[in-house]
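First comes the structure, then the notes that go with it.
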Amino acid sequence: MKNINQQYILKNGKEITIRNGAVTDAEKLRKTVKKYIGESEYIPQLPEEYTLTIEEQENWIKSFIEKENSIMLIAEYHNDIIGNIDINGSVRKAMQHTGGIGMGMLQEWTNSGLGTALMTCAVEWAKQNKILEILWLQVYTDNIGGVSLYKKMGFQESGLIKNYFKQDGKYFDNMTMSLSVK
Ligand SMILES: CC(C)(COP(=O)(O)OP(=O)(O)OC[C@H]1O[C@@H](n2cnc3c(N)ncnc32)[C@H](O)[C@@H]1OP(=O)(O)O)[C@@H](O)C(=O)NCCC(=O)NCCS
């Protein structure tokens with residue numbers, strides 16, 4: 001069962017909706033992701049490296065709808081997409097019970113509780129999913145807000161590669177975190 005459509009009132013008093021992403025969201029989502037990639041120092045991708053065509057973005061969304069161990073959720077405010085989260089379940093037999101999490105949001109919405117709302121929806125869904133047993137993610141150790149959120153949700157540190165990211169000559173460590181949803 002994949003249907004999610006939930007309202008949350010955030011710390012800023014604004015009411016937002018979290019719902020399943022649909023293929024028709026492709027264009028709006030692409031704009032939002034491209035914008036927040038440029039705004040965040042903790043996403044290892046440059047806006048110019050985000051080169052998905054609309055068709056590729058549609059197929060990306062479709063893959064989350066079709067795969068039983070995967071989901072993609074978007075957060076909306078007044079019909080604008082302000083953030084998203086996905087659980088990308090592995091297609092390989094030996095790792096089908098694992099799902100990698102990706103998430104992001106427009107800078108103006110950070111520290112509003114939106115990440116907590118998105119992650120709560122995703123984790124609750126994963127707990128009901130019959131295939132998934134482990135969720136995992138990777139995060140810059142310097143991303144204090146992100147690390148705090150993931151720890152609050154029960155994720156545990158499960159690995160660290162020092163100096164994994166190199167941006168403008170500066171190095172950052174990459175931490176893997178995981179959560180059992182069995
Ligand atoms: C990382 C991200 C997903 C977190 O979502 P968010 O909406 O900002 O997080 P929330 O407001 O729900 O929760 C953050 C928590 O960290 C805490 N926090 C933030 N900054 C902190 C700091 N400097 N010290 C201690 N705690 C801090 C907040 O108080 C909050 O905890 P609380 O709910 O108990 O008060 C979001 O900021 C984001 O998408 N950033 C840009 C892209 C990115 O980093 N993506 C993640 C890649 S792994």
(request) Could you look at the chain and say what percent of its accessible area is carbon and sulfur, using a 1.4 Å probe and all protein chains? (result) 48 percent
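About the Cα centre of region 34-137, how large is the charge dipole given +1 on each Lys and Arg Cβ and -1 on each Asp and Glu Cβ? Please answer in debye to the nearest 20.
Numbers: 8 positive and 15 negative charges, 108 e Å.
The calculated dipole for region 34-137 is roughly 520 debye.
May I ask for the longest run of the chain untouched by GluC sites (Glu not before Pro) that are loop-located per DSSP and have at most 13 neighbouring C-beta atoms (other than their own) within 10 Å?
Values: sites that count: 41, 68.
No qualifying site falls inside 69-182, the longest such stretch.
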(message) Please compute the modelled spin-label separation between residue 15 and residue 142, points set 7 Å along Cα→Cβ, answer in nm with one decimal.
(response) 4.0 nm
(request) Calculate the length of the line joining the C-alpha centroid of region 127-182 to that of region 2-20, in whole Å. (result) 24 Å
(message) Spelling out what I want: for every residue of region 84-99, take phi, set θ = phi - 60°, compute 6.51 cos²θ - 1.76 cosθ + 1.60 (Karplus), and round to whole Hz; glycine and proline get x.
(response) 7, 9, 9, 10, 9, x, 5, 8, 7, 3, 5, 10, 4, 7, 10, x
(message) Output wanted: per-residue J couplings in Hz (rounded whole) for region 19-29, from phi through Karplus 6.51 cos²θ - 1.76 cosθ + 1.60, θ = phi - 60°, x for Gly and Pro.
(response) 9, 4, x, 10, 4, 5, 7, 3, 5, 5, 5
(message) Given the DSSP H assignment, sum -39500 (n - 2.57) over each helix run of at least 4 residues in the chain and divide by its residue total; what's the result at 222 nm in deg cm²/dmol, nearest 500?
(response) -9000 deg cm²/dmol
(request) Averaged over every viewing direction, what's the projected area of the C-alpha convex hull for region 100-150? Give it in nm², one decimal, please. (result) 3.7 nm²
(request) Give the share of C-alpha pairs in each 5 angstrom bin for region 47-111, from 0 to the last occupied bin, in whole percents, shortest bins first. (result) 4, 15, 19, 25, 20, 12, 5, 1, 0
(message) Can you tell me which aspartates and glutamates have their Cα less than 19 Å from the Cα of residue 130? Leave out same-chain residues fewer than eight positions away.
(response) 66, 68, 86
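Averaged per residue, what accessible surface does region 5-180 expose to a 1.4 Å probe, in Å²? Kindly include the intermediate steps, with their values, before the conclusion.
Numbers: 9690 Å² over 176 residues.
Solvent-accessible surface per residue comes out at 55 Å².
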(request) Kindly list the residues of region 87-106 that lie in the label zone of residue 35, defined by a backbone N under 20 Å from the point 7 Å along the Cα-to-C-beta vector. (result) 103-106
(request) Determine the principal axes of the Cα atoms in the chain, then give the extent along each, sorted from largest to smallest and rounded to whole angstroms. (result) 41, 36, 35
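What is the magnitude of the charge dipole of the chain about its Cα centre, with +1 placed on the Cβ of each Lys and Arg, -1 on the Cβ of each Asp and Glu, and no other charges, expressed in debye to the nearest 20?
Numbers: 21 positive and 22 negative charges, 116 e Å.
So the magnitude is around 560 debye.
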(message) Could you give each residue of region 152-162 its phi-based ³J(HN,Hα) in whole Hz, using Karplus coefficients 6.51, -1.76, 1.60 with θ = phi - 60°, and x for Gly or Pro?
(response) 4, 7, x, 5, 10, 5, 9, x, 9, 10, 6
(request) Calculate, axis by axis, the spread of Cα positions in region 112-182 along the three principal axes, and write the results as whole Å, longest axis first. (result) 43, 27, 16
(message) If you filter region 97-177 for trypsin sites (Lys or Arg not before Pro), then keep DSSP loop positions with at most 11 other Cβ within 10 Å, what is left?
(response) 130
(message) Need one number: nm distance between label points at residue 62 and residue 176, each 7 Å from Cα along Cα→Cβ, rounded to one decimal.
(response) 3.1 nm
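The values are calculated or read from the model by the stated rules, or taken from the named source; none is laboratory data. As the structure is a computational prediction, the values presented were derived from the model and not from experiment. Don't worry about glycine lacking a Cβ; one is built from the backbone with ideal geometry, like all the others, and counts go over all protein chains shown. To get the accessible areas, we keep the full protein, side chains included, count just its heavy atoms, and leave off ligands, DNA and RNA. Shrake-Rupley method; radii C 1.70, N 1.55, O 1.52, S 1.80 Å.
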